[in-house]
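The values are calculated or read from the model by the stated rules, or taken from the named source; none is laboratory data. Since this is a predicted model, take the numbers as computed values, not measurements. No Cβ is skipped: glycine too gets one built from the backbone with ideal geometry, and neighbour counts run over all protein chains shown. To get the accessible areas, we keep the full protein, side chains included, count just its heavy atoms, and leave off ligands, DNA and RNA. Shrake-Rupley method; radii C 1.70, N 1.55, O 1.52, S 1.80 Å.
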Amino acid sequence: MDKIILGILMLHRMTAYELRNFIKNNFKSMYSDSLGSIQAALKKLFELEMVTFEELVEKGVNKKRYSITEAGQETLIEWIKIPINTSKTKNYDFGKLFFMGYVSKKDQKTLIDKIILSLEEEYEALKKLKESIDVEEESEEIEKYLLADMEYKDRIKNLDKGKELIENIREISKFTLATLDYGIDVTAFNIEWFKKLKKKI
């Protein structure tokens, strides 16, 4: 959770509630969007001087808007450079699949139908999300935001000093989209896998 928060804060200053919405919309299948978990992670990151915050009042409500520090950025970049360990993707609910033989065939089919339905809903949601994304438009929106925040503009510009700001933004967007494509492909694979399993029962 810590590194995900640092990654989100690379582009935007955000409150805990804004972070929660971002995680809910973009990382639902990977991380919890529990406000308590997010606040605990922000507290830890603040103590480690990886994030800082400014206090403000909006519509009579006191808020803390968090931003990443240089130490936070260094930690994030070091973490990104460690190759992804695909075997580390754990879903403890898959233990239920291992022990599904303990229940009746009727229950097995009902459970698998529910899994397939849930996966199909997730697949449709991911496809809709992809269709709603216009990479050029998103890049222009990010650029507009960054131009209004010089500290963040310099941060993104300096990621690859040989490139223009918009090129770095496009590079970020490319991998955001690749992650979404991965989620769509994995979900499609899982739907077919569970359909095959149902036929074997």
- Message: Checking the cross-link filter: which lysines have an alpha carbon closer than 18 Å to that of K157, excluding same-chain neighbours under 8 positions apart?
- Response: K144, K174
- Message: With angles folded into 0 to 90 degrees, how steeply does helix 135-147 sit against the dominant principal axis of the chain? Use alpha carbons for both and round to 10.
- Response: 30 degrees
- 3J(HN,Hα) from dihedral phi, the stretch 164-172, Karplus parametrisation 6.51/-1.76/1.60, rounded to Hz, x for glycine, proline: 6, 3, 5, 5, 5, 5, 5, 5, 4
- What number, rounded to the nearest 500 deg cm²/dmol, is the helix-based mean residue ellipticity at 222 nm of the chain, given -39500 (n - 2.57) per DSSP H run of at least four residues and division by all its residues? -21500 deg cm²/dmol
- Query: So what is the relative contact order of the chain, in percent, for Cα pairs below 8 Å that sit 6 or more residues apart?
  - Reply: 20 percent
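Could you sort T176, T86, T15 by their accessible area in this structure, using a 1.4 Å probe and putting the largest first? Write down the numbers at each step before the final one.
Numbers: T176 70, T86 105, T15 10 Å².
Final ranking, largest accessible area leading: T86, T176, T15.
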- Extension gain N62-Q39, at 0.36 nm per residue separation less the Cα-Cα distance, in nm? 6.8 nm
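With a Förster radius of 25 Å, plug the Cβ-Cβ distance of K153 and F175 into 1/(1 + (r/R0)^6) and report the FRET value to the nearest 0.05.
On the way: r = 20 Å, r/R0 = 0.80.
Once rounded, the FRET efficiency stands at 0.80.
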- In angstroms, what radius of gyration and Dmax does the chain have, counting Cα atoms only? 20.3, 62
- Karplus (6.51, -1.76, 1.60) ³J(HN,Hα), θ = phi - 60°, over the stretch 184-190, in Hz, Gly and Pro reported as x: 5, 5, 5, 5, 4, 4, 5
- Any chance you could look up the accessible area of E131 with a 1.4 Å probe, heavy atoms only, rounded to 10 Å²? 140 Å²
- List every residue whose amide H lies under 5 Å from the amide H of V51, counting only residues 5 or more places away in sequence or on a different chain, with H placed 1.01 Å from N in the peptide plane. F46, T69
- Message: Using only Cα atoms and rounding to the nearest 10 degrees, what angle (0 to 90) does helix 16-26 make with the longest principal axis of the chain?
- Response: 50 degrees
- Task: With 18 Å as the limit, write out which pairs from K114/K199; K130/K196; K128/K195; K81/K153; K127/K198 have Cα-Cα distances beyond it, or answer none.
- Result: K130/K196; K128/K195; K81/K153; K127/K198
- Query: Any idea what angle helix 105-132 forms with the longest principal axis of the chain, computed on alpha-carbon atoms, 0 to 90 degrees, nearest 10?
  - Reply: 30 degrees
- Query: Taking R0 as 35 Å, what's the FRET efficiency between I166 and S118 from their Cβ-Cβ distance, rounded to 0.05?
  - Reply: 0.35
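Which semi-axis lengths, in whole Å and largest first, follow from the square roots of five times the eigenvalues of the Cα gyration tensor of the stretch 73-185?
Working: eigenvalues 336, 70, 19 Å².
Equivalent ellipsoid semi-axes, largest first: 41, 19, 10 Å.
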- Message: What distance in nm lies between label points placed 7 Å from Cα along the C-beta direction at L97 and I84?
- Response: 1.8 nm
- Item | the chain - percent of accessible surface contributed by carbon and sulfur, probe 1.4 Å | 55 percent
